[in-house]
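Asks: Handing you this structure, nothing more for now.
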Amino acid sequence: ERQAAAAAAALSEAAAASILSSPLQRAARTAEIIADTMGIEHYVDARFNDRDYGFWTGHRKSEVLAEWGTVDAAPGVEPTESVLARVLPALDDLAEHTSDSTPLIVVTHDAVIRPVMKRLDPAIALTVPTGSYQRLSYSQGQWQIDLVDQQPQI
């Protein structure tokens, strides 16, 4: 909750119109705190839900890496392209309801934002530490990356 409050303070200058989150409890709670602090509406969109890890849900990442080398190689894990196939249309829907001058905030898991950011800019190096945020903007018909791996002061 301290991280969410710090994020709200850091994001307050954005003058966002609304905040959207995945339905996961932590993301939704974080978005709720930010929305309450900023006095904006909070919406939930299942398309921003975390990646499906199938059988590997709940296992330590180190276990999956030891067995398969990468999370992507583990059987039953939702492929990156499937994540993008549900998230990119959600971003496009956001763009349709947002003017270039009105920011929106999206709270989701790093396994969702990483492939989106890589699709937008393959050269970008993301670390996505817990509690970090990335800033995207929509202008002239496309999404662009403004800031990466921002950490609010707690």
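The values are calculated or read from the model by the stated rules, or taken from the named source; none is laboratory data. Keep in mind that this is a model prediction, so the values were computed, not measured. Methodologically, a virtual Cβ is constructed for each residue, glycine included, from the backbone with ideal geometry; neighbour enumeration extends over all protein chains shown. Accessible surface areas use protein heavy atoms only, side chains included; no ligands, DNA or RNA. Shrake-Rupley method; radii C 1.70, N 1.55, O 1.52, S 1.80 Å.
Asks: Checking the conditions here, which among Gln150, Gln134 is touching a strand residue (DSSP E or B) at 6+ places or on another chain (Cβ under 6 Å), touching a residue at least 12 places away in the same chain (Cβ under 8 Å) and surrounded by fewer than 16 Cβ atoms within 10 Å (Cβ to Cβ)?
Replies: Selected residue: Gln150, the only one of Gln150, Gln134 that is touching a strand residue (DSSP E or B) at 6+ places or on another chain (Cβ under 6 Å), touching a residue at least 12 places away in the same chain (Cβ under 8 Å) and surrounded by fewer than 16 Cβ atoms within 10 Å (Cβ to Cβ).
Asks: Can you say whether Leu84 is part of a helix (DSSP H, G or I), more than 25 Å from Ala9 (Cα to Cα) and in contact with a Pro (Cβ under 7 Å, 6 or more places away or on another chain), as far as the supplied structure shows? Spell out how you get there, then give the answer.
Replies: Numbers: part of a helix (DSSP H, G or I): yes; more than 25 Å from Ala9 (Cα to Cα): yes; in contact with a Pro (Cβ under 7 Å, 6 or more places away or on another chain): yes.
Yes; evaluated as a whole, the condition is true for this residue.
Conditions (1) of a type in the set (A, V, I, L, M); (2) touching a residue at least 60 places away in the same chain (Cβ under 8 Å); (3) under 27 Å from Arg2 (Cα atoms), marked per residue:
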| residue | (1), (2), (3) |
| --- | --- |
| Ala16 | yes, yes, yes |
| Arg26 | no, no, yes |
| Ile33 | yes, no, yes |
| Gly54 | no, no, no |
| Val77 | yes, no, no |
| Pro89 | no, no, no |
| Val112 | yes, yes, yes |
| Arg119 | no, no, no |
| Ala125 | yes, no, yes |
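Asks: Select, from Pro79, Pro75, the only residue that is closer than 29 Å to Gln142 by Cα, more than 14 Å from the chain's Cα centre (by Cα) and either among the aliphatic types (A, V, I, L, M) or exposed (fewer than 15 other Cβ atoms within 10 Å of the Cβ) (or both). Give the derivation first.
Replies: Values: Pro75 fails: closer than 29 Å to Gln142 by Cα.
Criteria check complete, one pass: Pro79.
Asks: Which residues, counting only those in segment 121-131, are open to solvent by 40 Å² or more (accessible area, probe 1.4 Å) and not charged (D, E, K, R)?
Replies: Pro122, Ala123, Ala125, Thr127, Pro129, Thr130
Asks: Can you confirm whether segment 49-60 contains a residue that is in a helix (DSSP H, G or I) and either buried (at least 18 other Cβ atoms within 10 Å of the Cβ) or within 17 Å of the chain's Cα centre (by Cα) (or both)?
Replies: Checked against the condition, which is being in a helix (DSSP H, G or I) and either buried (at least 18 other Cβ atoms within 10 Å of the Cβ) or within 17 Å of the chain's Cα centre (by Cα) (or both), segment 49-60 yields at least one hit.
Asks: In segment 100-120, what residues are over 14 Å from the mean Cα position of the chain (by Cα) and open to solvent by less than 60 Å² (accessible area, probe 1.4 Å)? Show your work before the answer.
Replies: Taking segment 100-120 and keeping what is over 14 Å from the mean Cα position of the chain (by Cα), we get 100-103.
Correct list: Thr102, Pro103.
Asks: Here is a further query. Would you point out the residue of segment 141-154, among those that are assigned to a strand (DSSP E or B) and among the polar types (S, T, N, Q), that is nearest to the chain's Cα centre (by Cα)?
Replies: The qualifying residue nearest to the chain's Cα centre (by Cα) is Gln150.
Asks: For segment 6-45, give me each residue that is part of a helix (DSSP H, G or I), open to solvent by 50 Å² or more (accessible area, probe 1.4 Å), more than 15 Å from Thr108 (Cβ to Cβ) and at pLDDT 80 or above.
Replies: Passing the criteria: Asp36, Thr37.
Asks: Report whether or not Pro89 is part of a helix (DSSP H, G or I), at pLDDT 80 or above and open to solvent by less than 40 Å² (accessible area, probe 1.4 Å).
Replies: Taking the combined requirement at face value, the residue does not satisfy it.
Asks: Here is a follow-up. If you go through segment 99-140, how many residues are part of a helix (DSSP H, G or I) and not hydrophobic (A, V, I, L, M, F, W, C)?
Replies: 5
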